[in-house]
Amino acid sequence: MNSVIQQAARIIVKVGSSLVTDEGRGLDHGAIARWAAQIAALRALGKEVVLVSSGAIAEGMLRLGFAARPHDIHELQACAACGQMGLAQIYETSFQAHRVKTAQVLLTHADLADRERYLNARATLTTLLRLGVVPIINENDTVVTDEIKFGDNDTLGALVANLIEADALVILTDQRGLYSADPRKDPAAKLIEQAQAGDDSLVAMAGGAGSSIGRGGMLTKVLAARRAARSGAHTVIAWGREPDVLTRLAQGEAIGTQLNASTTRLTARRQWMVDHLHTAGEVVLDAGAVQKLTREGKSLLPIGVIAVKGEFGRGQLITCVSEAGLAVARGLSSYTSSEVRRIMRHSSNEIEAILGYIEGPELVHRDNLVLL
Ligand SMILES: Nc1ncnc2c1ncn2[C@@H]1O[C@H](COP(=O)(O)OP(=O)(O)O)[C@@H](O)[C@H]1O
Ligand SMILES: N[C@@H](CCC(=O)OP(=O)(O)O)C(=O)O
């Protein structure tokens, strides 16, 4: 038994190129329909699921008549653009059968490196999840060249897990999990059932690149697990054709390889906040707010703020200080400094009237707060 996926509320599922396109033979309608049915079942259990799907280039190659992966970057991009249409179409149809809405989200490295775009991507994805939609993510291959590519979708899956602080990343591939050596080359290789994500010995097992269809191989999966663990997400690597793999994982069955994160999601976020040397700005709290935060473990509401120092954006790290100037907490602000200047000293039910919109009743939610 294994409870990681059973307990996870927010899960990223990544399906690799070789699976989605049946080793490059064309989009595997049957397999995609089965994953859609399982993801719909997970949603019915109250879980939020984001799908990261590869396969655009492989499908585009087939549609455009390339027998081998083209070397010309623009031909590859043309394949991706053409194949992505097929992916979007098949996912929409497959999820529609379960009355689940889908959304296409194409991301590049630059989107996650730029703070504003990062926050926008995060807000859009969490909004889609709140609205009951399954976002389907791929790299925006049409606009990126080699130096700025994620390249493989294992890395993209891990970055999305970090972005929206998922509890788990499930990587579905063409092997039953991570083996002690590449099973295509070593028939005696053994399945690793559990390990710590970030364990260096896994890198040696994972070897080099993957199949001719996929990009990453096992190495990028092991590295993705390490990256996902930084925000507290556990990773499971499993065979995508294992019957009911996702729903069985959600029932607590141990399938494939589980790579555990050593910190919890909340601890990882709090550690990140403590480790930061600088914060973007400060809010000064009245005595009542200091009491709520430090003694009662409550969120910070705008009514408890009496002054704002510095300029900060939505989602940025700020310091909460007492009137005497003592730093009492750090947290991620849900509002910009100029918004806080307008809503401070006001009750949360006035926020919408003052700003014309509301991000939430809290200025800093307790999950985004660490006491000093
Ligand atoms: N230690 C290992 N355990 C399992 N598979 C491995 C290992 N080392 C290398 N591989 C190779 O990685 C491949 C999976 O990677 P890849 O083809 O990129 O799949 P995907 O398209 O799902 O990302 C497997 O088919 C296997 O040949
Ligand atoms: N964005 C690319 C995916 C790259 C890729 O093949 O990734 P992977 O399946 O992780 O080896 C595509 O859709 O073709």
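The values are calculated or read from the model by the stated rules, or taken from the named source; none is laboratory data. Since we're looking at a predicted model, the values are computed, not measured. Neighbour counts run over all protein chains shown; Cβ positions are idealised from the backbone, glycine included.
Contact annotation: residue pairs with Cβ atoms under 6 Å, 6 or more positions apart or on different chains, pairing a residue in the range 9-36 that is touching a residue at least 60 places away in the same chain (Cβ under 8 Å) with a partner that is surrounded by fewer than 24 Cβ atoms within 10 Å (Cβ to Cβ) and assigned to a helix (DSSP H, G or I), are L27/G86; L27/I90; I32/I90; I32/S94; A33/S94; A36/S94. List the pairs whose first member sits in the range 46-74 and is surrounded by 21 or more Cβ atoms within 10 Å (Cβ to Cβ), whose second member is of a type in the set (S, T, N, Q) and in a loop (DSSP other than H, G, I, E, B), and whose Cβ atoms are under 8 Å apart, counting only residues at least 6 apart or on separate chains? Pairs found: G55/T21; A58/T21; E59/T21.
What is the residue count in the range 1-24 for residues that are outside any helix (DSSP H, G or I), at pLDDT below 95 and away from ligand 1 (no atom under 16 Å from the Cβ)? Steps first, answer last, please.
Residues of the range 1-24 that are outside any helix (DSSP H, G or I), as a first pass: 1-3, 8-16, 21-24.
The next check asks that each one be at pLDDT below 95; those that pass are 1-3, 16, 21-24.
Okay, now just the ones that are also away from ligand 1 (no atom under 16 Å from the Cβ), so 1-3.
Qualifying residue count, the range 1-24: 3.
When A36, A88 are checked against the criterion of being more than 22 Å from D152 (Cβ to Cβ) and assigned to a helix (DSSP H, G or I), a single residue qualifies: A36.
Among the residues making up the range 23-40, those that are within 13 Å of ligand 2 (Cβ to nearest atom) and either farther than 13 Å from Y91 by Cα or polar (S, T, N, Q) (or both) are E23, G24. Residue-level analysis places G83 outside the set of residues that are within 18 Å of the chain's Cα centre (by Cα) and either modelled with pLDDT of 95 or more or not charged (D, E, K, R) (or both).
Residue count for the range 300-355 satisfying the condition of being within 32 Å of the chain's Cα centre (by Cα), surrounded by fewer than 15 Cβ atoms within 10 Å (Cβ to Cβ) and of a type in the set (S, T, Y): 1.
Every residue, every condition in (1) more than 20 Å from G240 (Cα to Cα); (2) within 16 Å of ligand 1 (Cβ to nearest atom); (3) within 16 Å of the chain's Cα centre (by Cα), yes or no:
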position	(1), (2), (3)
S94	no, no, no
A103	yes, no, yes
T173	no, yes, no
D182	no, yes, no
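With respect to the conditions (1) hydroxyl-bearing (S, T, Y); (2) surrounded by fewer than 20 Cβ atoms within 10 Å (Cβ to Cβ); (3) more than 12 Å from ligand 2 (Cβ to nearest atom), Y179 lacks only one, and its number is (2).
Report the residue count in the range 203-221 for those that are farther than 29 Å from F66 by Cβ and either within 8 Å of ligand 1 (Cβ to nearest atom) or modelled with pLDDT of 95 or more (or both). Let's see the steps before the verdict.
Initially, the range 203-221 is screened for residues farther than 29 Å from F66 by Cβ, giving 203-205.
Applying the additional criterion that residues be either within 8 Å of ligand 1 (Cβ to nearest atom) or modelled with pLDDT of 95 or more (or both) yields 205.
Going through the range 203-221 one residue at a time, the tally reaches 1.
In the condition set (1) out of contact with any strand residue (DSSP E or B) (no Cβ under 8 Å at 6 or more places or on another chain); (2) of a type outside the set (G, A, S); (3) more than 16 Å from ligand 1 (Cβ to nearest atom); (4) over 30 Å from F312 (Cα atoms), L27 is compliant with all but (3). A307 satisfies every condition listed in (1) out of contact with any helix residue (DSSP H, G or I) (no Cβ under 7 Å at 6 or more places or on another chain); (2) in a helix (DSSP H, G or I) except (2).
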